[in-house]
Amino acid sequence: MKNISQHLMSNLLKIEIIENDKGGHEDLIFEIPNLISQRKFDTYYFALAIEPKNGIKEIKNAVAELIASWNKKQTKMKNGQVIYLPIDFSDQYTGCLRVEKENDLNLTYGFSRRAGWSVDPINPTEYYESITDFGTENEKLLIVNQSEFEECLAELIEKLKSE
C-alpha cells in the first residue's frame, strides 16, 4: 500500500531540467497534474545567480536550492497564512504557486507583475509574503496534505541533486 501513496506524492508536482540549445530558455519543465498542465520555464535567472556556471548540474542544484527554500517556508506556515512560491522568472512577471494553509494546503497557480530579475531565484525569502497583485491563471484549486507536499518537495530536491 505504501508504494501507491508514494507514487501519488511524487506525481503531485513535477520539475525537470532539460538540456537544449536555447541559452537558459524553455529548459525548466514544470507541471502540477490536476492544477496546471506541463509548462516550460527559463533557468536564465538561475544561471545568472550562480555565475560562473559550468553546466546543467549547477542549474539543477540551483533549482533544488529554490525547492529547499520553498520547503523550509511552507513547513512553518500557520493556519490562515498565505505564501507565494515563485517558479517562473521572466522579465515582466513571476509565475508562482499560491499556497494557503487551512489545515491542508490550498494550491493555486498564477502570476505577479514582480519582475523575475528582481527576485533571488535560489532563496526568494523577500518574495514569499510580499505579493499583492497575484492573479490566478485558471480557476482550479488543488488541496494537498501538508506533509505529503513536504515529502514531494524533498523527493524533488533529491532527484535534482542526484541527476
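The values are calculated or read from the model by the stated rules, or taken from the named source; none is laboratory data. The structure presented is a predicted model; accordingly, all values stated were derived computationally and were not measured. When we count neighbours, we look across all protein chains shown, and the Cβ atoms used for this are built from the backbone with ideal geometry, even at glycine. Areas reflect the complete protein model, heavy atoms only, side chains present, ligands, DNA and RNA absent. Shrake-Rupley method; radii C 1.70, N 1.55, O 1.52, S 1.80 Å.
To the nearest 0.05, how large is the calculated FRET efficiency for PHE134 and LYS72 if R₀ is 22 Å and r is the Cβ-Cβ distance? List each step's numbers first, then the result.
Working: r = 21 Å, r/R0 = 0.96.
After rounding to 0.05, the efficiency reads 0.55.
Work out, step by step, the length gained on full extension between LYS161 and ILE29: first 0.36 nm times the residue separation, then minus their alpha carbon distance; give nm to one decimal. Write out the running numbers ahead of the final one.
Details: separation 132, 0.36 × 132 = 47.52 nm, distance 1.58 nm.
Going from the current span to full extension adds 45.9 nm.
Just going by the charge dipole of the chain, with Lys and Arg at +1 and Asp and Glu at -1 on Cβ, which of CYS152, ASN79, THR108 is farthest out on the positive end?
It is ASN79.
Each label point is 7 Å from the Cα along the Cα-to-Cβ direction; what then is the distance between the points at LEU141 and GLN81, in nm?
2.0
Restricting things to Cα coordinates, could you compute the convex hull volume per residue of the chain in Å³?
110
Remind me, relative contact order of the chain in percent, using alpha carbon pairs under 8 angstrom and six or more residues apart?
Over the chain, the number comes to 23 percent.
Of all accessible surface on region 1-121 at a 1.4 Å probe, what whole percent is carbon and sulfur? Show your work: numbers first, answer last.
Numbers: 2870 of 5990 Å².
The C+S portion of the solvent-accessible surface of region 1-121 is 48 percent.
Once you order the gyration tensor axes a ≥ b ≥ c over the Cα atoms, which shape class does region 43-118 get: rounded for a/c under 1.5, otherwise prolate or oblate by comparing a/b with b/c? Please report the intermediate quantities before stating the final value.
Working: a/c = 3.17, a/b = 1.68, b/c = 1.89.
It comes out oblate by the Cα gyration axes.
In straight Cα distance, which lysines are under 17 Å from LYS73, not counting same-chain residues fewer than 8 positions off?
Within the straight-line limit of under 17 Å, LYS73 reaches these lysines: LYS101.
With θ taken as phi - 60° and the coefficients 6.51, -1.76 and 1.60, list the Karplus ³J(HN,Hα) couplings across region 20-28 in order, rounded to whole Hz; mark glycine and proline as x.
9, 9, 9, x, x, 10, 6, 10, 10
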